[in-house]
Amino acid sequence: MSTGELTKLRVKAYSDPQFNDEVADGEFTTLINPEKYTFNYKIEQNEDQAAGTSDLSPRFNKKLPEDLELEFLFDRTGVIVHYGNNPNVSSGNTVFKDNGEGVIDDIEKFKKVILDYNGEEHAPNYVMIYWGTLLFKGKLTEMSIEFKLFKSDGTPIRAVAKAKFQGFVEDDLRVARENNQSPDLTHVRLVKEGDTLPLMSHRIYGDSKYYLEVAKVNELTSFRKLKVGTELFFPPIEKIS
């Protein structure tokens, strides 16, 4: 059951591939939620042909981690307002006003989270992206920023960043998935600030898709906004597959 409260998409940066060490000031919350996001899936095939055979049919090797495409809108025109979960243009009740730098500060904060290099890894930070039922772990592979509106002095006040992320699966989780093994333990967790049911399900089971079943087990009438301090029961995954 929806509470009608607007939930913003969040991006959190980590310095390690296990997503344990959060980067200082490494969290970005969108001003305006995206209209869509796209998952891209690829299958790796082995096209090697055995000697003395004429079979050209490719053989399945493995499924590669999915890629995610997202567009981030930055707007300081002062005409973007929200009704429910949908941004609309209006001449009154302005929300996102220009503070003097247009969208430059917003974009720099965004770039620090997803684009800045990690000193130890010599690569961009690992990022976790979550919004509603979306929970994605990966790294930025490509990004373009288009500046669309400007003040009279040339300061940009609207821009769109188009970002592509490559999915990342930790080594231990990858082994479990390839062996078709699932967690077989019962877990009890206390809800902390910023927790969502898909996020907690991903931590326990390695996959966020079980969140609806967890909601049923805990008799949650509204799982979109969890109360901090609530004790939740995560049963063995075999019972909720």
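Only the coordinates and a few stated rules stand behind these numbers; no lab work does. Owing to the predicted nature of the structure, the values given are computational and were not obtained by experimental measurement. Quick reminder, even Gly has a Cβ in these numbers, built from the backbone with ideal geometry, and neighbours come from all protein chains shown.
Cβ-Cβ distance of E146 and R203, R₀ of 35 Å, FRET efficiency by 1/(1 + (r/R0)^6): the value works out to about 0.45. Listing I43, I104 from fewest to most neighbouring C-beta atoms within 10 Å gives I43, I104.
Of the residues T155, T141, the one with the fewest other Cβ atoms within 10 Å heads the list, and the complete ranking is T141, T155. Segment D105..R224, full-extension length gain: 39.8 nm, with 0.36 nm per residue of separation and the alpha-carbon distance subtracted.
Taking neighbour Cβ counts within 10 Å as the exposure measure, how do D105, D207 sort from fewest upward?
Working: D105 13, D207 16.
By the 10 Å Cβ count, ascending: D105, D207.
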